[in-house]
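See structure below.
The values are calculated or read from the model by the stated rules, or taken from the named source; none is laboratory data. These numbers were taken from a predicted model, which means no experiment stands behind them. Counting neighbours? That spans all protein chains shown, and the Cβs are built from the backbone with ideal geometry, glycine included.
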Amino acid sequence: MVIFKHLKATCFLAAASTVLLATGCSSTETDTAHSQAEITETTRLMHTQEASGARAECTLYADQFDGPTLSTLGTNSLDLMLADSHTCNPLVIYMAVPEDQYAQDRRLAIGRYLEDRGGLKAEQIEFRSGPNPDTFHAVDTQLGYYPKTDTAMDSTSGSSSASGSSSSSSASH
């Protein structure tokens with residue numbers, strides 16, 4: 001009788017495992033196909049935002065150069081700037097690097113790279129020293145928007161939203 005109970009329990013577990021495994025496989029195949037489409041869309045959106053950010057900043061720093069030549073980090077930054085769909089003429093490149101004996105060679109390396117990769121002409125490229133001043137913003141304005149980034153507030157009552165904005169205004173003082 002005890003053996004029969006163990007056999008019955010084992011058969012039940014085996015059947016349940018088979019059903020769960022079969023159900024899991026079909027669900028996984030559907031999830032995988034859905035995930036691939038999602039990853040592709042997410043990756044495309046991420047690349048678009050990276051390109052837009054690189055173009056908006058348009059600043060090259062010392063670590064983007066190996067002496068007078070561009071490093072792979074520098075070429076990657078320039079590729080992102082070129083990938084942005086917005087037009088600008090001229091393309092202004094800010095150089096937050098010291099003015100040393102390599103300064104002119106760095107500008108030439110950037111110009112050659114942009115001509116080869118982006119099809120730009122020399123008159124379509126402008127260089128300025130220092131970081132892009134348009135990227136500097138006061139932090140208090142940005143902190144005012146912080147409560148709006150919390151999606152948990154969307155599902156709560158309006159009183160939570162009001163208290164969230166008052167706490168951020170006291171944090172910005």
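Would you be able to tell me the number of residues in the range 109-125 that are surrounded by fewer than 17 Cβ atoms within 10 Å (Cβ to Cβ) and either part of a helix (DSSP H, G or I) or among the polar types (S, T, N, Q) (or both)? Talk me through it step by step, then tell me what you get.
Residues of the range 109-125 that are surrounded by fewer than 17 Cβ atoms within 10 Å (Cβ to Cβ), as a first pass: 112, 115-119, 121-124.
Cutting the leftovers down to either part of a helix (DSSP H, G or I) or among the polar types (S, T, N, Q) (or both) gives us 112, 115-118, 122-124.
Total satisfying the criteria: 8.
This table checks each residue for (1) loosely packed, with under 13 Cβ neighbours inside 10 Å; (2) assigned to a loop (DSSP other than H, G, I, E, B); (3) modelled with pLDDT of 75 or more.
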residue: Ile93; (1), (2), (3): no, no, yes
residue: Arg107; (1), (2), (3): no, no, yes
residue: Phe127; (1), (2), (3): no, no, yes
residue: Leu143; (1), (2), (3): no, no, yes
residue: Asp154; (1), (2), (3): yes, no, no
residue: Ser161; (1), (2), (3): no, no, no
residue: Ser168; (1), (2), (3): no, no, no
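Of everything in the range 129-141 that is part of a helix (DSSP H, G or I) and not hydrophobic (A, V, I, L, M, F, W, C), the residue that is modelled with the highest pLDDT is Pro133.
Let's see how each residue does on (1) of a type in the set (A, V, I, L, M, F, W, C); (2) touching a residue at least 24 places away in the same chain (Cβ under 8 Å):
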position	(1), (2)
Ala54	yes, yes
Asp63	no, no
Ser71	no, no
Leu78	yes, yes
Tyr94	no, yes
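Under the condition of being loosely packed, with under 14 Cβ neighbours inside 10 Å and touching a residue at least 24 places away in the same chain (Cβ under 8 Å), the residues counted in the range 129-138 number 4.
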